[in-house]
Amino acid sequence: MKNIYLEPNEEIISVVDRLVQADDNEINLVVPTGAQIWQSSINLKLLKREANILNKAVTFIVTDDLSAEMAERTGFLVKKERELPVELIQQEEDIVFEDSPEEVRPQQRSDLETIPEETETETETEEEIEKPAQLSESRDNMIDLLVDELESEKKAKKPLAILSGWKKKEIFTQKRMADIVTPVEESKSKFFSQSNKLTVKKEPVKVESVIQPRIFSEVEKKTGSSWSKLMIIFIIVALIVAGFVSYLILPNAEINITLKTEALIFDLSVVGLESISQINESLNQIPLQEVEVTKTKDREFTATGERDIKEKASGRITVYNEYSSSPQVLVATTRFESSDGKIFRILESVTVPGAKIEEGKIIPSIFEIEIIADQAGEEYNIGPSDFVIPGFKGTAKYAGFYGRSSESMSGGYIGRANVVLAEDLEKAKETLIKELKDEVQKILEDQIPTNLKVLEGGLKEEITKISSSHNEGEQADKFTIEIKVIMKALLFKEDDLKSLVGLNSVSKISGDKVLIEGTQKISWQAPEIDWLKGEASFSLNVEEKVAQQIDIQSLKDDLVGQDEVEVRRYLASQPEIERAQVSFWPFWVNKIPTQEKKIKVNIEL
């Protein structure tokens, strides 16, 4: 069994803590009259509850009837003693002086404590202080008697000391707890003798601070306890109001629902026509538009071949017929001799028209032909000249048929020179075609409106012309390639196609299902295009996700006021829901709010 001695001002929290720390299950609680624990029955009830929880038997040891009655009414065992145990009587409160080189304790008498008083001289004097004590023999309320006695002392006593450099403070005599609760031997029926004289020894004391007597602080606490109770009540009411407002305003619930989905897959045949301007749902037709771009480009390239060559000069001359009105045939290799004696030949047979005779005069006919030097060499690169036909020499035709050139002959050469190779021609064509196609495609793309798209396989390129300034094997340092390209494109509105596919998708699902936006996938097969008619036929493979429709308003109506377990059970029972997540805010909320605007439902697909 353990004895616990309470101080008069010891708070209930400290008492409970000491009870918890006690090792024994049987406790004697020695409580003086006027202790703080007697101020409210709540303190006793709290202590009783904690004792029951700890399974400890607590016995109150008291000296007055009122304390005994309060403890018994709460359910404690009570042991009433005339005097408290000596251990409590010997406990004294020291008066602490801060920053003092020594501690000064009050002198003790059998019934009163005295404290030293600072004087101006070091001579010890004694003075008698009369202490009036008017105590009632009734013990119904020991605390009130204690307060009355302290108030009478406050009126009778004067301050014992005024500390130099400090604020004026009253210091009262302090009684020990044993003197209050236990009658002195001179009079058993009273707490104190009615007339006692005390001798106070005056001596200099060096102090800097004084601690007020414990009993006087108890009087002050009694006055402030009512304010503490009012403050506690105010805080409790404020918390209740704040909780009520939070319950109405703050609670929110968010439900994230993922619906079950299924795939819709089907094939669709579509026809595109330039002759229509809007989709035809019944025939699965969409309008087409054609764009065409044409461009010609030439570029000079370098010949990379090199070899020993013998080239003959060539050129063109005009042949005149002043001989007769009859046409004259000139066979291939017919010779023409220049004025400086150079021989050139024609490459193929030609017929020179007959001359005209007007008013007895012969008007010569003319005919232009190509000639080539009889021998290779640069010496045949002659300037403009007159030509005769050596084969007619000695006849009248020699003077009647002749030729004349207006330009120089060229190409005659003997030696090592650059020539155009087949690889040069092929590489030049490939390079120029690629450049031209890129340019044409860029022009075509710039002409396509933003709302149109090129049909899959609906792009056509056509090269209509390829020419070169020199043929393979010809002598040349440079040669020129010219190419012409035509590019066509069939265009359609992507929205038209999606709309047509969407109409077909809707027709293939039941009314309680909905297409999931953004899941449509279209695969194209190679189209058949008639460019002359402006038509295209193609097949599509369509894949799209669908989900069961859910009535959000009905869902909210069903979930209002349900707790988390009920909500999860309800959502799990819905066949169209794949999974769901429920979150509440603030953290203490565990039910769906009663206001629908506080419920947020998010549908995820």
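General remarks:
- Proxy reagent accessibility, fewest Cβ within 10 Å first, across 266, 392: 266, 392
- When each of 279, 37, 309 is scored by the number of other beta-carbon atoms lying within 10 Å, the sequence from fewest to most is 309, 279, 37.
- Viscosity 1.567 mPa s, temperature 4 °C, Stokes-Einstein D of segment 319-407 from Kirkwood C-alpha radius, µm²/s: 96
- Packing here is the average count of other Cβ atoms within 10 Å per residue, and on that basis the peptides 490-496, 280-286, 232-238, highest first, run 490-496, 280-286, 232-238.
- If you take the Cα centroid of segment 266-305 and the Cα centroid of segment 419-442, the two points sit 24 Å apart.
- Cα→Cβ-extended label distance, 7 Å offset, between residue 227 and residue 2, nm: 3.7
- Whole-angstrom gap from segment 329-357 to segment 1-80, using each part's C-alpha centre: 152
- Spacing of the modelled spin labels on residue 421 and residue 375, each 7 Å from Cα toward Cβ, amounts to 3.3 nm.
- Taking a ≥ b ≥ c as the square roots of the eigenvalues of the Cα gyration tensor, segment 444-535 is prolate, since a/c reaches 1.5 or more and a/b is larger than b/c.
- Sorting 227, 531, 38 by the number of Cβ atoms found within 10 Å of their own Cβ, with the fewest placed first, yields 227, 531, 38.
- Remark: the Cα gyration tensor places segment 2-87 in the rounded category, a/c being less than 1.5.
- Taking a ≥ b ≥ c as the square roots of the eigenvalues of the Cα gyration tensor, segment 352-403 is prolate, since a/c reaches 1.5 or more and a/b is larger than b/c.
FYI, it's all coordinate maths here, none of it is from the lab. Quick caveat: nothing in here was measured; it's all calculated off a predicted structure. FYI the Cβ positions are ideal-geometry reconstructions off the backbone, even for glycines, and counts take in every protein chain you see.
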